[in-house]
1. Could you check segment 87-102 and list, in sequence order, the residues that are buried (at least 18 other Cβ atoms within 10 Å of the Cβ) and not hydrophobic (A, V, I, L, M, F, W, C)?
2. Give all pairs with beta carbons closer than 9 Å in which a residue from segment 226-243 that is on the phi > 0 side of the Ramachandran plot meets a residue that is open to solvent by 10 Å² or more (accessible area, probe 1.4 Å) and hydroxyl-bearing (S, T, Y); count only pairs at least 6 apart in sequence or on separate chains.
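The values are calculated or read from the model by the stated rules, or taken from the named source; none is laboratory data. Remember, it's a predicted structure, so these values are computed and weren't measured experimentally. All Cβ positions, glycine included, derive from the backbone under ideal geometry; neighbour counts span all protein chains shown. In case anyone asks, the SASA skips ligands and DNA or RNA and just uses the protein heavy atoms, side chains included. Shrake-Rupley method; radii C 1.70, N 1.55, O 1.52, S 1.80 Å.
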Amino acid sequence: MQQDTLLTAGQQLTASPQLTANESSDAETVIIDTGCANLSSVRFAFERLGAKVLVTDDRAKIKAAKRVVLPGVGTAGAAMASLHEKGLVELIQGLTQPVLGVCLGMQMLAAISKERGGKGQDCECLGIIPTDICELDTQLLKAESLPLPHMGWNQLKLTTNSQGANSPNVHPLFAGIEDGSYVYFVHSYRAPLSEFTLAECTYGEGFSAAIGKGNFMGVQFHPEKSAAVGAQILRNFLQMDELQMNKALMNKALRSNSADGQAGVKKADQ
């Protein structure tokens, strides 16, 4: 059953009120109701920023949104099963507007998750960002007397894909975020460091704190629990639209091509 919740600044949260299409038509940001996520903290974080946010599993409303949030808690298998049941997998894969995966939502953007949830095979995820999700290295954690799950505040290191707050190459999601900023984590599984890493973190090993490809991006940490830094990241996302993302990606490609060309010229001169 499709269920919508519209939130505006200053509105008290209520238990999933039913809304008509007209009442929800001015919400530009949609949080996908995955059926297995605790949405309250995420939607309240957007509400504090003055955003109108619609929580829904309605395919037409998700597709028409200016930007989309994919939340998630629990196991990858249960979350993906819910998306399949709601008929949302191919829809999400085809979205062209900015899409932000949060925590498990980020992991669902990957190809495969090793979080089997008692099943005998790996969980096939959305396959949007070509990376696999594996458990944090328990041997490294044991050697450093670190508990599992990774829970608490830890630092972000912005990678060459996002640079830093004062860099012209900064990914729009991290505009105004300083290297070394603290954010809040709760997880046992992670994406490895790769060319799709936007920010990394260290907990026994280095792992991706944020990943991105095209209009899709995801954060392993909880921005809604990460105080001012998290609020800035969500504010950055609220300022994104499809045109801005396309422009940013085009500029990045041009800079990359220019750098490769300059490197080729230097190599030829040697």
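1. Step one: filter segment 87-102 for residues buried (at least 18 other Cβ atoms within 10 Å of the Cβ), giving 88, 92, 95, 97-102.
Hits for segment 87-102 are Q97, P98, G101.
2. Every condition considered, the pairs that remain are A227/Y182; A227/Y184.
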